[in-house]
Amino acid sequence: MTKAPSDTKKAAEHSVEMPRFRLYFLHPKFWPTWLLISILYLISWLPYRLQILLGKGLGKLLFKLLPKRVKVARRNLELAYPDYPVAKRETMLRANFANNGIALFETGMAWWWPDWRMKRKLKVEGVEFLDQAEAEGKGVFLILFHFLSLEVHARMFGLVKPSVGLYRPHNNALMEYLQTKGRNRSNKYMIRKKDVRGMLNALNSGEVCGYLPDQDYGRNRSVYVPLFAVPDAATTTGTSLFAAGANCTTLITTIERLPGGKGYKLAIMPPQQPIPSGDETEDARRINKEVERAVSQCPEAYMWVHRRFKTRPDESMPSYYA
């Protein structure tokens, strides 16, 4: 079954236009950004294992320089794993910041490494699920989670199957240019974050569309369901909206950094329970179970530095981060 040209045209109409280089980027206000980006670019060409080592060192420095982020991550781990001894959570916290440092250098790899170098570090499982969806003439609603290797994850997945992602502009115009170009290195195009019709059109035209449902997006289109040990985590219902609104198959993808500098294992799999279920609250519960399952493999690699549990069911309830 092939997708109709009209569907493909509708999907393309919603794509974000690729930014172009402007002389404005040479303005002195961008010089600090150019300096940092130039350093990151040069580091990206160092041997992979050396970059991992440097990233761990940077993570130790970030642990000292970013006390507010440390406080948020410590609180998230306390909320998620209240039964763990404090010493164990502190060990996880420090390992998490080491991974934050590594993630910065992984961004350079994702944006600038040539395909051949990325492929040397890539191991893939579950491609057959993508092939099956394509054979059935369906798009793929691809669920990812906020692991710290997300930039590498998106780049590597594009080498397996070029896909469509959601887009949120960067406040820095130069970073917006670099980020958009980097994220499109091996993928097709991006759709604005709130462009529901654009995402549905892309799915109906047979595209693979990535979606991240595991952060706190506020009260709008959210339900309150358990996540880890938190009984009332605000969880988006966008998963149900897209999964039920298009001719698509729901799959989940995760990435794992392999030990010994061997690279990454990218896994593609169906959820343990079908999504959509016909009930958006039940779908949110199932998504959070998938988050827990994925994070349990390597909690230190998850993005704990954001206030995942900031929205409470009732505004009068005390903040988890007070």
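Structure data summary
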| quantity | calculated |
| --- | --- |
| Which listed pairs, of 193/262; 68/88; 56/88; 68/262; 123/194; 71/181, have C-alpha distances above 30 Å, in listed order | 193/262; 68/262; 123/194; 71/181 |
| Sparse-neighbour loop sites [chymotrypsin sites (Phe, Trp or Tyr not before Pro); the stretch 134-173; at most 16 other C-beta within 10 Å; DSSP] | none |
| D_trans [Stokes-Einstein, Kirkwood Rh over alpha-carbon pairs] for the chain, 20 °C, 1.002 mPa s, µm² s⁻¹ | 103 |
| Under the Debye formula (equal points on every Cα, no solvent term), log10 I(q)/I(0) of the stretch 179-254 at q = 0.20, 0.28 Å⁻¹ | -1.00, -1.35 |
| Computed [θ] at 222 nm, helices only, for the chain once each DSSP H run of length n ≥ 4 contributes -39500 (n - 2.57) | -15000 deg cm²/dmol |
| Rg over Rh, two decimals, the stretch 13-65 (C-alpha only, Kirkwood Rh) | 1.14 |
| Cα centroid separation - the stretch 217-234 against the stretch 264-293, whole Å | 15 |
| Net charge, residue 167 excluded, C-beta distance under 11 Å - Lys, Arg +1, Asp, Glu -1 | +2 |
| Rounded to 5, the percent of DSSP beta bridges in the chain classed as antiparallel | 45 |
| Where chymotrypsin sites (Phe, Trp or Tyr not before Pro) fall in DSSP loop in the stretch 243-322, at most 14 other Cβ within 10 Å | 321 |
| Cβ charges +1 (Lys, Arg) and -1 (Asp, Glu), total dipole of the stretch 98-193, debye | 320 |
| Protection proxy ranking, peptides 128-139, 288-299, average beta carbon neighbours within 10 Å, highest first | 288-299, 128-139 |
| Convex hull volume per residue for the stretch 216-322, taking Cα atoms only, in Å³ | 115 |
| Given charges at beta-carbon only (K, R positive; D, E negative), |dipole| of the chain in Debye | 1380 |
| Gain upon complete extension [residue 18, residue 193; 0.36 nm per residue less C-alpha separation] | 61.5 nm |
| Sites residue 33 and residue 306 - FRET efficiency at Förster radius 22 Å, r taken between beta-carbons, to 0.05 | 0.45 |
| Sulfur and carbon atoms: percent of accessible area, the stretch 159-209 [1.4 Å] | 45 |
| Sequence ranges 90-99, 252-261, ranked by mean other-Cβ count within 10 angstrom, highest first | 90-99, 252-261 |
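The values are calculated or read from the model by the stated rules, or taken from the named source; none is laboratory data. Please read all numbers here as calculations on a predicted model, not as lab measurements. Reconstructed Cβ throughout: ideal geometry from the backbone, glycine too, with neighbour counts over all protein chains shown. For the accessible areas, the whole protein counts, side chains as well, though only heavy atoms, and no ligand, DNA or RNA atoms are used. Shrake-Rupley method; radii C 1.70, N 1.55, O 1.52, S 1.80 Å.
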